[in-house]
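Reading through the structure tokens given below for one structure.
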Amino acid sequence: SSSVFFTMRPMEGRTADDICAKDGPWYPQALPVVNPKELMRELKALHEKKIREAEKKTTARLEEMQPYLKEIATKQKQQNPSPLDASSGPSDDDWCMQRISE
């Protein structure tokens, strides 16, 4: 009687794509094959265009919101005055940070 000896060694160090290319497909391809150079080019374009554009819009929106945020902080400060004396009390920034941490 003969026995079949199965070992993983012939596949050792090979990717599933390598095995599939040599021995035929044995698993469904879930993702497309991507050229690494093309991928890097696309990532660079994404960073240079979309991400930088988003950063600029975020900065502009924060600058636009600043007066409203200060107004809200002032109203909150008037409604909930600090127990410290105003002349020696925290600055507006300190007060906001104190309110956030509470």
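Is it fair to say residue 39 is open to solvent by 100 Å² or more (accessible area, probe 1.4 Å), of a type in the set (A, V, I, L, M) and out of contact with any Ser or Thr (no Cβ under 8 Å at 6 or more places or on another chain)? Spell out the reasoning first.
Values: open to solvent by 100 Å² or more (accessible area, probe 1.4 Å): no; of a type in the set (A, V, I, L, M): yes; out of contact with any Ser or Thr (no Cβ under 8 Å at 6 or more places or on another chain): yes.
Against the criterion (open to solvent by 100 Å² or more (accessible area, probe 1.4 Å), of a type in the set (A, V, I, L, M) and out of contact with any Ser or Thr (no Cβ under 8 Å at 6 or more places or on another chain)), residue 39 does not qualify.
Suppose we filter the range 12-36 for residues that are in a helix (DSSP H, G or I) and either loosely packed, with under 10 Cβ neighbours inside 10 Å or of a type in the set (Lys, Arg) (or both); how many remain?
Selection size over the range 12-36: 2.
Using the structure shown, decide if residue 72 is among the hydrophobic types (A, V, I, L, M, F, W, C), modelled with pLDDT of 90 or more and part of a helix (DSSP H, G or I). Criteria met by residue 72.
Residue-level check: of (1) more than 24 Å from the chain's Cα centre (by Cα); (2) at pLDDT 65 or above, residue 88 misses just (2). Within the range 42-69, the set of residues being acidic (Asp, Glu) and either assigned to a loop (DSSP other than H, G, I, E, B) or surrounded by 10 or more Cβ atoms within 10 Å (Cβ to Cβ) (or both) comprises 42, 48, 53, 55.
The values are calculated or read from the model by the stated rules, or taken from the named source; none is laboratory data. Since the structure is predicted, the reported quantities are computational estimates derived from the model, not experimental observations. Cβ: placed from backbone, ideal geometry, glycine included. Neighbour counts: every protein chain shown. To get the accessible areas, we keep the full protein, side chains included, count just its heavy atoms, and leave off ligands, DNA and RNA. Shrake-Rupley method; radii C 1.70, N 1.55, O 1.52, S 1.80 Å.
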